[in-house]
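> The following block contains the structure, expressed as structure tokens.
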Amino acid sequence: MGDLKLYNTRTRTLETFRPLTPGDVRIYVCGLTPSAQAHLGHARSFLFFDLLRRYLTYRGYRLTYVQNVTDIDDRSINRARETGEDWYTIVSDYYAEFKASMRKLGVMEPDEEPYATKFISQIQAMIRELADLGYAYVVEDGIYYRVSKFSNYGKLSNRNIEELEAGARIEVGEHKEDPLDFALWKFAKPGEPKWPFDPYGDGRPGWHIECSAMSHALLDPKGEGFDIHGGGADLIFPHHENEIAQSEPLMAHPPMSNFWVHGGLLNFEGRKMSKSLGNFEPLVDLLARHDPQAIRLTFLTTGYSKVMNFTDDSLAGAYATLDKLKRAYRRMHPGGVVVPVHNIAGGLPARVADLLDEDMNTAAALAEVLAFIKDAPAGALAEFETALWLLGIEPNESWLVEDVTPLPEDVVDRLRGELGGEISFNGATAEEAIDLVIQRRASARAAKDWAASDRLRDALARCGIAIKDSKEGTTWSVAE
RNA sequence: GGCGACGUAGCCAAGUGGUAAGGCAGGGCUCUGCAAAAGCCCCAUCCGGCAGUUCGAAUCUGCCCGUCGCCUCCA
């Protein structure tokens, strides 16, 4: 097995991945702030880290994958004020919806899913330490982080303090020393959710500190760093920059994370997508209309770190690819039982792995799979399934069924309307009625009465039934 | 203004020094009464432009043009 090379934002180079502790990989990925509905851009990001998990697992590492939930933030509080709902109900509902979508997409459950509000004491401990060392100071609206105290500030995102100072400004109501400083703790205004924090004052954590506190608590209690910190590219600044600023002064051995891996953002039909612009379709709605496996395949064709433009065309292409995979699967499948994924060392999975070694080149890996199925023998099913698993596509029972489109309910009535004069459909089920027509057409064909044959086929077509003739006989399916 | 990404066939896209993956669309063939499906085959003398480095460049360097993102909440 070759080396896995990953692009590391921290060093801005492609590096060979080696775990800090041989055999064990600790990953922290910034999860959702569920104060609005999740969209396809979120899906792309978490789908990528799901792929990375699969591949690291395939390579034999033991993983600890932590994906946090920032369940307290200004937006959910504002939304609660607008709607009159309880802020926590809002957050819980959005998060439940997100989880359901992830399940539909086949994203594996995180090992740990820490909620910010469950780690208040750890957050407060960290703020105390930062204050003791002079990295934090208290003013009337909250506790802020003193950016000027941390000399490495800006290193991850490749920015320098002077330029940042030039563009930054202090919002009304903020009382910080410097425009770049950010809140570690916000004192509660009347009616806002709050947690006690002696001696400073009741309030809630600022955005950023929860990730520093929870990654420390769950992945790196000794302060010696963990392996991979991930998230969308939009988190590099300021979120990840701030996490580093909070964590590293308290660590025995920085850096906070050895690798920083960022997923490219997603455009939707050529336009930027974001919560604040509101120009996105909620993920649940998209999943209601589309096959989750087709959505996964769509993402495989573009490099994970690139900006990707999601379009109806790209999704249509993925559907065609998915059908191709299903046909090959049926061709290779010995019977009606779905064979579980095996751990195959050689063959296709190894070739796919070699391609994933190159900074998770899923596009090339998919191409390899498609080349494989062109002349794959029936016995290659385990290889095929393993390779598909690596790409996050898991065959299920429905792959064995050629057409799962449900029959229109009124098929028999419509057939009676078309052909009731010549064929009696009394008591027939939809399937039986269709078979009756096909039998009638078979007789016509046997008699070389092509006019009658075509008339029957056209009648079926008007009822939404498409038929095709093959050496094995005539089969039908529900027309698209 | 600062930082960064990208520009490869009609469309999407891989490839980052050794002579252009793959998918969609399109075309042809096989099969077929017809149709559909399926299978097979074809489809970029060339990688935004111009210079340069090199035996050799889509791949490296410089300049130019274009698209987009981040710099404020964001996966």
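The values are calculated or read from the model by the stated rules, or taken from the named source; none is laboratory data. From a predicted model like this one, the values you see are computed outputs, not experimental measurements. Cβ atoms come from the backbone with ideal geometry, glycine included; neighbour counts cover every protein chain shown. Accessible surface areas use protein heavy atoms only, side chains included; no ligands, DNA or RNA. Shrake-Rupley method; radii C 1.70, N 1.55, O 1.52, S 1.80 Å.
> Going by the conditions given, is A:ASP111 more than 21 Å from A:LEU47 (Cα to Cα) and of a type in the set (Asp, Glu)?
Judged against the criteria, A:ASP111 is not a match.
> In addition: Test A:ASP354 against the stated conditions and say whether it is of a type in the set (D, E, K, R), open to solvent by 50 Å² or more (accessible area, probe 1.4 Å) and assigned by TED's automatic domain parsing to the domain that holds A:MET332.
So A:ASP354 passes the test.
> Right, another one. Name the single residue that is surrounded by the most Cβ atoms within 10 Å (Cβ to Cβ) among those in segment A:172-187 being under 34 Å from the mean Cα position of the chain (by Cα) and assigned to a loop (DSSP other than H, G, I, E, B).
Out of the qualifying residues, it is A:LEU180.
> For A:GLU174, which of the numbered conditions (1) more than 13 Å from RNA strand B (Cβ to nearest atom); (2) outside the structural domain of A:THR13 (by TED's automatic domain parsing) fails to hold?
The failed condition is (1).
> Might you let me know whether segment A:265-273 holds any residue that is without any contact (Cβ under 8 Å) to a residue 12 or more places away in the chain and open to solvent by 20 Å² or more (accessible area, probe 1.4 Å)?
Within segment A:265-273, one or more residues are without any contact (Cβ under 8 Å) to a residue 12 or more places away in the chain and open to solvent by 20 Å² or more (accessible area, probe 1.4 Å).
> Kindly indicate whether any position in segment A:400-412 is more than 18 Å from A:ARG331 (Cα to Cα), modelled with pLDDT of 85 or more and among the charged types (D, E, K, R).
Taking every residue of segment A:400-412 in turn, none turns out to be more than 18 Å from A:ARG331 (Cα to Cα), modelled with pLDDT of 85 or more and among the charged types (D, E, K, R).
> Could you list, in sequence order, all residues of segment A:290-315 that are open to solvent by 60 Å² or more (accessible area, probe 1.4 Å) and either in a helix (DSSP H, G or I) or free of Cβ contacts under 8 Å to residues at least 24 places away in the same chain (or both)?
Here is the first cut: in segment A:290-315, the residues open to solvent by 60 Å² or more (accessible area, probe 1.4 Å) are A:301, A:305-307, A:309, A:312-313.
Those that are open to solvent by 60 Å² or more (accessible area, probe 1.4 Å) and either in a helix (DSSP H, G or I) or free of Cβ contacts under 8 Å to residues at least 24 places away in the same chain (or both): A:ASP312, A:ASP313.
> Considering only residues that are open to solvent by less than 10 Å² (accessible area, probe 1.4 Å) and within 12 Å of RNA strand B (Cβ to nearest atom), which ones fall in segment A:58-69? Spell out how you get there, then give the answer.
From segment A:58-69, those open to solvent by less than 10 Å² (accessible area, probe 1.4 Å) are A:65-66, A:68-69; that's our starting set.
Within segment A:58-69, A:ASN68, A:VAL69 meet the criteria.
> I'd like to check something: does segment A:420-442 contain any residue that is farther than 22 Å from A:VAL401 by Cα, near RNA strand B (Cβ under 9 Å from one of its atoms), in contact (Cβ under 8 Å) with a residue 24 or more places away in the chain and part of a helix (DSSP H, G or I)?
Among the residues of segment A:420-442, at least one is farther than 22 Å from A:VAL401 by Cα, near RNA strand B (Cβ under 9 Å from one of its atoms), in contact (Cβ under 8 Å) with a residue 24 or more places away in the chain and part of a helix (DSSP H, G or I), which makes the answer yes.
> Moving on to the next point. So, in segment A:18-69, of the ones that are of a type in the set (Ser, Thr, Tyr) and in contact with a strand residue (DSSP E or B) (Cβ under 7 Å, 6 or more places away or on another chain), which residue ends up nearest to A:ILE123 (Cα to Cα)?
A:TYR28
> Do the conditions hold for A:PRO193, that is, is it touching a helix residue (DSSP H, G or I) at 6+ places or on another chain (Cβ under 7 Å) and within 16 Å of RNA strand B (Cβ to nearest atom)?
no
Every residue, every condition in (1) closer than 27 Å to A:ARG289 by Cα; (2) open to solvent by 10 Å² or more (accessible area, probe 1.4 Å); (3) among the small types (Gly, Ala, Ser), yes or no:
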| residue | (1), (2), (3) |
| --- | --- |
| A:TYR7 | no, yes, no |
| A:GLU15 | no, yes, no |
| A:VAL29 | no, no, no |
| A:SER45 | yes, yes, yes |
| A:ASP50 | yes, no, no |
| A:LEU56 | no, no, no |
| A:ARG75 | no, yes, no |
| A:ASP86 | no, yes, no |
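> What number of residues in segment A:450-474 are surrounded by fewer than 14 Cβ atoms within 10 Å (Cβ to Cβ), more than 14 Å from A:ARG414 (Cβ to Cβ) and more than 9 Å from RNA strand B (Cβ to nearest atom)?
Selection size over segment A:450-474: 2.
> Next question, about the same structure. One residue is enough: does segment A:221-233 have a residue meeting the conditions near RNA strand B (Cβ under 10 Å from one of its atoms) and either more than 22 Å from A:THR11 (Cα to Cα) or assigned to a helix (DSSP H, G or I) (or both)?
Checked segment A:221-233: at least one residue is near RNA strand B (Cβ under 10 Å from one of its atoms) and either more than 22 Å from A:THR11 (Cα to Cα) or assigned to a helix (DSSP H, G or I) (or both).
> Only one of A:ALA36, A:ALA116, A:ALA131 is at pLDDT below 95 and open to solvent by less than 40 Å² (accessible area, probe 1.4 Å). Can you tell me which?
A:ALA36
> Just one of A:GLU210, A:GLU129, A:GLU162 is touching a helix residue (DSSP H, G or I) at 6+ places or on another chain (Cβ under 6 Å), outside any loop (DSSP other than H, G, I, E, B), within 14 Å of RNA strand B (Cβ to nearest atom) and acidic (Asp, Glu); which is it?
Of the residues listed, the single one that is touching a helix residue (DSSP H, G or I) at 6+ places or on another chain (Cβ under 6 Å), outside any loop (DSSP other than H, G, I, E, B), within 14 Å of RNA strand B (Cβ to nearest atom) and acidic (Asp, Glu) is A:GLU210.
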